[in-house]
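One structure is given here, and the rest of the page talks about it.
Where a number appears in this text, it was derived from the coordinates with a stated rule and is not lab data. All values derive from a computational prediction rather than experimental measurement. Here the Cβ is made from the backbone with ideal geometry for all residues, glycine too, and neighbour counts use every protein chain on show.
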Amino acid sequence: MAKRWILRLLKLIGIGIFILILSQIDREELFLQLQSVNIIMLGLSFPLLFCIYFCKTQRFKALVHTTDISLSLQEHWKIFNIGVFLAGITPAKLGELGRAAYLKNVGIHTAKALSIAIVDRLFDVACIGIIGIISAGVLFGWKFLVTLLVLAIIGAQIGRIFWKKMTRLHWIEKAIVPGMTWTLVSWSIYFLWALLIAWSIDISVSVPILISTFTVTGIISLLPIAPSGLGTRDAALLLLLAPYGVSAEQAVSLAFLMFISIIFSGLLGGWYWMKGVR
């Protein structure tokens, strides 16, 4: 019970940040920004979220198929989207681990089901971590990157110890190549999705800067203090894009459109969840 209350309180931090930002910017200008959005470009961006989910469903399928259990692509699609929905309503996307419960229901041992859910998440962590190091150099200068690389080497040593333990689970080896392939494709589509939204509100910053900003923002939005990055995404985009001439209202509009897109894309998983998909 205490843990639930702690999680609920953590969510309020992000909401508080969002309210604080709204109180400090020109809200009329914010509404004008949202009204002038390029609907066609925004509309083209939305289906890309489901392309991302499809790639990650294929990755999840590759991990599950290392077991003796075989599920159809449709079943994997439903389980993955339920995870997306649960991730959207929990801090730091912890709800994604709820997929393990569905795997357990189809006969996979609890420990294996949790391992699959965790390894699936680690593919994204590894990918965004590598891109994040490069992005830090682009945004904050290469001197900062050197410091970050030292920390990364220390982290890699810790990760190496962890990886040795993980590789004792021999089933992971079968999923490494397809897992990394689908991860790279999904993140490429993610950046295209984010770029289209930025362009839809006439943010004309160079592509490398925008991709670096989205990477660092994505890492910050994983902090367990907000539902779906509400507030944390706004603050990160506002601070990171300000040096490049992007107004606070544009940055908040970008964060808001990303947030709304993610929430709406999660409704499909919510529908599966409400239907009681096992």
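Here the spin labels are modelled as points 7 Å beyond Cα on the Cα-Cβ line, and at ILE40 and CYS127 they lie 3.0 nm apart. Descending by average beta-carbon neighbour count within 10 Å, the peptides 189-195, 26-32 line up as 189-195, 26-32, the highest first.
Take 176-187, 64-75 and order them by the average number of nearby Cβ atoms within 10 Å per residue, most first; the result is 176-187, 64-75. From most to least packed by mean Cβ count within 10 Å, the peptides 34-41, 263-270, 17-24 give 263-270, 17-24, 34-41. Straight-line cross-link reach from LYS61 at under 17 Å between alpha-carbon atoms covers these aspartates and glutamates, not counting any fewer than eight positions away in the same chain: GLU75, GLU96, ASP120, ASP124, GLU173.
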